[in-house]
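A.B. asks: Pasting in a structure now, in C-alpha coordinates, and then I'll have a few things to ask.
The values are calculated or read from the model by the stated rules, or taken from the named source; none is laboratory data. Remember, predicted model here, so these are calculated numbers, not experimental data. Cβ placement follows ideal geometry from the backbone for every residue including glycine, while neighbour counts extend to all protein chains displayed. These accessible areas exclude ligands, DNA and RNA; they are computed on the full protein's heavy atoms, side chains included. Shrake-Rupley method; radii C 1.70, N 1.55, O 1.52, S 1.80 Å.
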Amino acid sequence: MAGKVIIGSDHGGFALKEFAIKLLKDMGYEVEDAGPEAAVSCDYPVYAAKVAEQVSDEKLGILICGTGLGMSMAANKHKGVRAAMCTNEYMAKMARAHNNANILCLGERVIGQGLAEEIIRAFMTSEFEGDRHLRRINLFDQL
(Lines give C-alpha, C1' and ligand atoms only; values in the text may rest on other atoms or scores of the structure.)
Protein backbone atom coordinates (compact mmCIF):
# COMPACT_ATOMS: atom_id res chain seq x y z
CA MET A 1 0.00 0.00 0.00
CA ALA A 2 2.32 2.72 -1.21
CA GLY A 3 1.39 6.36 -0.92
CA LYS A 4 2.96 9.74 -0.34
CA VAL A 5 5.69 10.55 2.17
CA ILE A 6 7.28 13.88 3.01
CA ILE A 7 10.76 13.74 4.49
CA GLY A 8 13.06 16.32 6.03
CA SER A 9 16.21 16.52 8.10
CA ASP A 10 18.81 18.85 9.44
CA HIS A 11 22.55 18.58 8.78
CA GLY A 12 22.88 15.85 11.43
CA GLY A 13 20.37 13.64 9.65
CA PHE A 14 21.13 14.48 6.04
CA ALA A 15 22.95 11.26 5.04
CA LEU A 16 20.25 9.07 6.57
CA LYS A 17 17.58 11.17 4.83
CA GLU A 18 19.21 10.49 1.46
CA PHE A 19 19.29 6.76 2.28
CA ALA A 20 15.64 6.82 3.39
CA ILE A 21 14.50 8.59 0.22
CA LYS A 22 16.00 5.84 -1.94
CA LEU A 23 14.51 3.14 0.30
CA LEU A 24 11.04 4.69 0.22
CA LYS A 25 11.12 5.06 -3.56
CA ASP A 26 12.23 1.43 -3.87
CA MET A 27 9.22 0.52 -1.69
CA GLY A 28 6.96 2.30 -4.17
CA TYR A 29 6.29 5.52 -2.28
CA GLU A 30 6.05 8.95 -3.83
CA VAL A 31 8.58 10.98 -1.83
CA GLU A 32 8.69 14.74 -1.35
CA ASP A 33 12.00 16.04 0.01
CA ALA A 34 11.40 19.04 2.28
CA GLY A 35 15.13 19.68 2.57
CA PRO A 36 17.75 20.63 3.23
CA GLU A 37 19.55 20.19 -0.08
CA ALA A 38 22.99 19.73 1.47
CA ALA A 39 24.58 18.73 4.77
CA VAL A 40 25.24 22.29 5.92
CA SER A 41 24.43 23.64 9.35
CA CYS A 42 20.71 24.46 9.61
CA ASP A 43 17.93 24.77 12.16
CA TYR A 44 15.90 21.57 12.62
CA PRO A 45 12.65 23.34 13.69
CA VAL A 46 12.40 24.86 10.19
CA TYR A 47 12.38 21.43 8.55
CA ALA A 48 10.16 19.92 11.24
CA ALA A 49 7.59 22.61 10.43
CA LYS A 50 7.81 21.98 6.67
CA VAL A 51 6.97 18.32 7.21
CA ALA A 52 4.47 18.80 10.06
CA GLU A 53 2.40 21.26 8.05
CA GLN A 54 1.92 18.73 5.24
CA VAL A 55 1.16 15.43 6.95
CA SER A 56 -2.38 14.14 6.54
CA ASP A 57 -4.37 10.92 6.41
CA GLU A 58 -2.91 10.39 2.94
CA LYS A 59 0.67 11.54 3.57
CA LEU A 60 2.99 10.40 6.35
CA GLY A 61 6.20 12.17 7.31
CA ILE A 62 9.73 11.25 8.32
CA LEU A 63 12.09 13.61 10.13
CA ILE A 64 15.74 12.92 10.84
CA CYS A 65 18.26 14.77 12.98
CA GLY A 66 21.22 13.65 15.05
CA THR A 67 19.15 11.99 17.79
CA GLY A 68 15.56 12.30 16.55
CA LEU A 69 14.66 14.11 19.77
CA GLY A 70 14.72 17.70 18.55
CA MET A 71 12.70 16.86 15.45
CA SER A 72 10.06 15.04 17.49
CA MET A 73 9.76 17.90 19.96
CA ALA A 74 9.47 20.51 17.23
CA ALA A 75 7.01 18.51 15.11
CA ASN A 76 4.73 17.75 18.06
CA LYS A 77 4.17 21.48 18.56
CA HIS A 78 1.98 21.43 15.43
CA LYS A 79 -1.73 20.71 15.72
CA GLY A 80 -2.71 17.24 14.56
CA VAL A 81 0.84 15.92 14.54
CA ARG A 82 1.73 12.74 16.35
CA ALA A 83 5.48 12.43 15.84
CA ALA A 84 7.19 9.38 17.31
CA MET A 85 10.92 9.04 17.82
CA CYS A 86 11.64 5.33 17.33
CA THR A 87 14.82 3.35 17.90
CA ASN A 88 13.54 -0.12 16.97
CA GLU A 89 10.96 -1.85 14.79
CA TYR A 90 8.56 -2.61 17.65
CA MET A 91 8.35 1.06 18.62
CA ALA A 92 7.67 1.99 14.99
CA LYS A 93 4.95 -0.63 14.61
CA MET A 94 3.25 0.38 17.85
CA ALA A 95 3.57 4.09 17.05
CA ARG A 96 1.37 3.47 14.01
CA ALA A 97 -0.87 0.69 15.36
CA HIS A 98 -1.71 2.15 18.76
CA ASN A 99 -0.83 5.86 18.56
CA ASN A 100 -1.67 6.59 14.92
CA ALA A 101 1.68 8.37 14.57
CA ASN A 102 1.87 10.36 11.35
CA ILE A 103 5.56 11.31 11.54
CA LEU A 104 8.47 8.98 12.22
CA CYS A 105 11.51 10.63 13.80
CA LEU A 106 14.93 9.03 13.57
CA GLY A 107 18.40 9.83 14.87
CA GLU A 108 21.23 9.33 12.39
CA ARG A 109 23.81 9.38 15.18
CA VAL A 110 21.83 6.79 17.17
CA ILE A 111 21.00 4.12 14.58
CA GLY A 112 22.69 2.82 11.46
CA GLN A 113 21.22 2.39 8.00
CA GLY A 114 20.33 -1.28 8.53
CA LEU A 115 18.26 -0.59 11.63
CA ALA A 116 16.81 2.56 10.06
CA GLU A 117 15.60 0.47 7.13
CA GLU A 118 13.81 -1.97 9.42
CA ILE A 119 12.25 0.86 11.44
CA ILE A 120 11.05 2.65 8.30
CA ARG A 121 9.60 -0.56 6.87
CA ALA A 122 7.77 -1.29 10.14
CA PHE A 123 6.37 2.24 10.36
CA MET A 124 5.28 2.44 6.75
CA THR A 125 3.62 -0.99 6.63
CA SER A 126 1.75 -0.83 9.94
CA GLU A 127 -1.77 0.52 10.16
CA PHE A 128 -3.70 2.19 12.94
CA GLU A 129 -5.90 -0.33 14.76
CA GLY A 130 -8.52 2.24 15.80
CA ASP A 131 -11.11 1.04 18.33
CA ARG A 132 -9.99 1.76 21.92
CA HIS A 133 -6.87 3.49 20.62
CA LEU A 134 -8.93 6.06 18.72
CA ARG A 135 -10.68 7.12 21.91
CA ARG A 136 -7.30 7.75 23.51
CA ILE A 137 -5.89 9.57 20.49
CA ASN A 138 -8.93 11.85 20.47
CA LEU A 139 -8.03 12.91 24.02
CA PHE A 140 -4.83 14.51 22.66
CA ASP A 141 -6.82 17.47 21.36
CA GLN A 142 -8.10 18.14 24.88
CA LEU A 143 -4.61 18.57 26.32
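A.B. asks: What percent does the relative contact order of the chain come to when contacts are Cα pairs within less than 8 Å and at least six residues apart?
C.D. replies: Worked out over the chain, it gives 24 percent.
A.B. asks: Quick check: from the Cα gyration tensor, does segment 103-143 come out rounded (a/c under 1.5), prolate or oblate?
C.D. replies: Oblate is the answer for segment 103-143, as a/c is 1.5 or above yet b/c matches or exceeds a/b.
A.B. asks: Now, a different point. Taking 2.2 N^0.38 Å as the expected size of a compact globular protein, what ratio does the Cα radius of gyration of the chain give against it, to two decimals?
C.D. replies: For the chain, the normalised Cα radius of gyration comes out at 0.95.
A.B. asks: Using θ = phi - 60° and the Karplus curve 6.51 cos²θ - 1.76 cosθ + 1.60, what whole-Hz ³J(HN,Hα) does each residue of segment 132-140 get, with Gly and Pro shown as x?
C.D. replies: 4, 5, 4, 4, 6, 4, 4, 5, 3
A.B. asks: Provide the gained length on full extension for the span residue 141 to residue 38, in nm with one decimal, where the gain is 0.36 nm per separating residue minus the Cα-Cα distance.
C.D. replies: Length gained between residue 141 and residue 38: 33.5 nm.
A.B. asks: With a ≥ b ≥ c taken as the square roots of the eigenvalues of the C-alpha gyration tensor of segment 63-126, please select rounded if a/c is under 1.5 and otherwise prolate if a/b is larger than b/c or oblate if it is not?
C.D. replies: The shape class here is oblate.
A.B. asks: Explain nothing, just compute: Karplus ³J(HN,Hα) = 6.51 cos²θ - 1.76 cosθ + 1.60, θ = phi - 60°, for every residue of segment 78-91 in order, whole Hz, x for Gly and Pro.
C.D. replies: After applying 6.51 cos²θ - 1.76 cosθ + 1.60, I find 8, 4, x, 8, 10, 8, 10, 8, 10, 10, 7, 5, 4, 4 Hz.
A.B. asks: Between segment 122-143 and segment 44-97, how far is it from one alpha carbon centroid to the other, in angstrom?
C.D. replies: Rounded to whole Å, the Cα centres lie 14 Å apart.
A.B. asks: Which of the pairs 17/50; 25/77; 4/93; 17/59; 25/59 have their Cα atoms more than 21 Å apart in this structure?
C.D. replies: Table pairs above 21 Å Cα-Cα are 25/77.
A.B. asks: Please list, by residue number, every one of the trypsin sites (Lys or Arg not before Pro) in segment 39-104 that is coil in DSSP and has at most 10 other beta-carbon atoms within 10 Å.
C.D. replies: When the trypsin sites (Lys or Arg not before Pro) of segment 39-104 are filtered for loop state and at most 10 Cβ neighbours within 10 Å, 79 remain.
A.B. asks: Considering only DSSP beta bridges where both residues belong to segment 1-118, give the percentage that are antiparallel (nearest 5).
C.D. replies: Expressed as a percentage, antiparallel bridges in segment 1-118 total about 0.
A.B. asks: Sticking with this structure for a sec: Just the accessible area for residue 10, please: 1.4 Å probe, Å², rounded to the nearest 10?
C.D. replies: 10 Å²
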